[in-house]
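**Q** Supplied in structure tokens, the structure appears directly below.
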Amino acid sequence: AAKRAGGNRLHIFSDDMRVKVLERLDAEARLREALAGDPVESLPVWFQPIVSAATGEITGAEALVRMRAPSGEILGPGQFIPAAEETGLIVPLGEHVLRRAVHRLLEWGDQLGYVSVNVSPRQLAEVDFVPMLANLLAAHPELDPSRLVVEITETALLGFSVDVRERLEMIKALGVRIALDDFGTGYSSLTWLQSVPADVVKLDRSFVAGLSADPRKASIIQAVLWLARSLGMSVVAEGVEDPADWEALRELDCPSAQGYLFGKPAPADEFGAKLRRAVKQAA
Ligand code: C2E
Ligand code: MG
Ligand code: MG
Ligand code: MG
């Protein structure tokens, strides 16, 4: 309509933009419907293993949300998280993911150490976030809060006016742990490391992929490992696909890793079955 109003002189929307806007509106409508209906069914939370370098065992998992379209098709977060962020629907969506994560932590008990949950900047900026988390934990006194890890990204936090550090301190005061996601991709990673009270650093896939063939990557990882260790933080290498990279990571004493080499994100039932098989094998 904007295009027509200006005749041929003014092209406010290109066709590409128009398609994007329509896709965004569609994602928003679907998300609204999913949250109002049966989010457990339509917004399933999948899990990807995080393994220990020392034992090779699954010690934790990252919770990764999916959307089940009416057609049955499973959509990845890239297709609806941006719309959720823009509309604020990330707040109820994020709460749903946290609830599912806690539910599974209790279900899997001793079979799984921890679950790591992505928390978006918009969610963290919300005044109700910490009280919501506190209520969730209070409702499950049988859960050790340190089995829950909140993942935040550096870049994502720029531009928010809330005191991020203070908010993270409040989360830590609940006993929940904090991980810096996609570490190394931001503008001021070292400042971030210094100023944020994190327990875990998740080394971005871009540093990890091709590590075994690239001495420069190895040097950077070695330095981050050293830095994290001296700050009392643990490290998870993300996106490990290649056995040679995994070998190199172990040689550098990287404590843990996540990636397709160990398992792709899988529906909770499938992930649970994998855990039970692993426990049986160990026994
Ligand atoms: P992330 O937190 O960095 O999550 C890791 C992503 O890397 C996941 O993609 C995972 O499937 C993918 N990945 C893991 N191992 C490998 C590997 O070996 N190779 C490759 N190529 N990729 C690997 P996914 O599930 O599509 O999630 C993408 C992003 O969406 C996440 O990045 C996170 O930022 C966001 N996200 C996912 N779930 C949630 C959620 O519940 N809340 C919020 N706020 N964001 C979420
Ligand atoms: Mg993450
Ligand atoms: Mg990540
Ligand atoms: Mg990453």
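**Q** So, counting K/R as plus one and D/E as minus one, what does the shell of residues with Cβ under 10 Å around GLY175 add up to?
**A** Net charge around GLY175: +2.
**Q** What does the highest-first list of 140-147, 82-89 look like by mean Cβ count within 10 Å?
**A** 82-89, 140-147
**Q** Using alpha-carbon pairs under 8 Å, 6+ residues apart, how would you state the relative contact order of the chain in percent?
**A** With pairs under 8 Å counted, the relative contact order is 18 percent.
**Q** Could you tell me what percent of the accessible area of the chain is made up of carbon and sulfur, with a 1.4 Å probe and every protein chain present?
**A** Carbon plus sulfur share of accessible area: 53 percent.
**Q** Any chance you could check the Cα centroid distance between the stretch 119-158 and the stretch 225-279 for me, in angstrom?
**A** If we compute the Cα centre of each part, the gap is 23 Å.
**Q** Positive end of the dipole of the chain, charges at C-beta (+1 Lys, Arg; -1 Asp, Glu), about the Cα centre: which of PRO197, VAL164, LEU43 has its Cα farthest in that direction?
**A** Of the listed residues, the answer is LEU43.
**Q** Of all GluC sites (Glu not before Pro) in the stretch 195-283, which ones are in loop regions per DSSP and have a Cβ with at most 15 other Cβ atoms within 10 Å?
**A** Sparse-neighbourhood loop GluC sites (Glu not before Pro): GLU241.
**Q** Considering only LEU249, THR55, ALA213, whose Cα is most displaced toward the positive end of the charge dipole of the chain, charges sitting on Cβ of Lys, Arg (+1) and Asp, Glu (-1)?
**A** The one lying farthest along the dipole's positive direction is ALA213.
**Q** Turning to a different aspect of this structure: Heavy atoms only, 1.4 Å probe, whole protein assembly: order ASP245, ASP214 by accessible area, highest first.
**A** My answer, sorted largest first, is ASP214, ASP245.
**Q** With charges set only on the Cβ (+1 for Lys and Arg, -1 for Asp and Glu), what does the dipole of the chain come to about its Cα centre, in debye to the nearest 20?
**A** With Lys and Arg at +1 and Asp and Glu at -1, about 380 debye.
**Q** Convert each backbone phi in the stretch 258-269 into a coupling constant with the Karplus relation 6.51 cos²θ - 1.76 cosθ + 1.60 (shift: θ = phi - 60°), then list the ³J(HN,Hα) values in order as whole Hz, x for Gly and Pro.
**A** Values, residue by residue: 9, x, 4, 4, 9, x, 7, x, 9, x, 4, 5 Hz.
**Q** So with the 1.4 Å probe, I'd like the accessible area per residue for the chain, rounded to whole Å².
**A** I get 52 Å² per residue for this part.
**Q** Through the Karplus equation 6.51 cos²θ - 1.76 cosθ + 1.60, θ set to phi - 60°, convert the phi angles of the stretch 44-52 into ³J(HN,Hα) values in whole Hz; use x for Gly and Pro.
**A** x, 9, 9, 10, 10, x, 10, 10, 8
The values are calculated or read from the model by the stated rules, or taken from the named source; none is laboratory data. Fair warning: this is a prediction, and the values are worked out from it, not measured in the lab. All Cβ positions, even for glycine, are placed from backbone atoms using ideal geometry, and neighbour counts span all protein chains on display. These area figures cover heavy atoms from the full protein model, side chains too; ligands, DNA and RNA do not enter into them. Shrake-Rupley method; radii C 1.70, N 1.55, O 1.52, S 1.80 Å.
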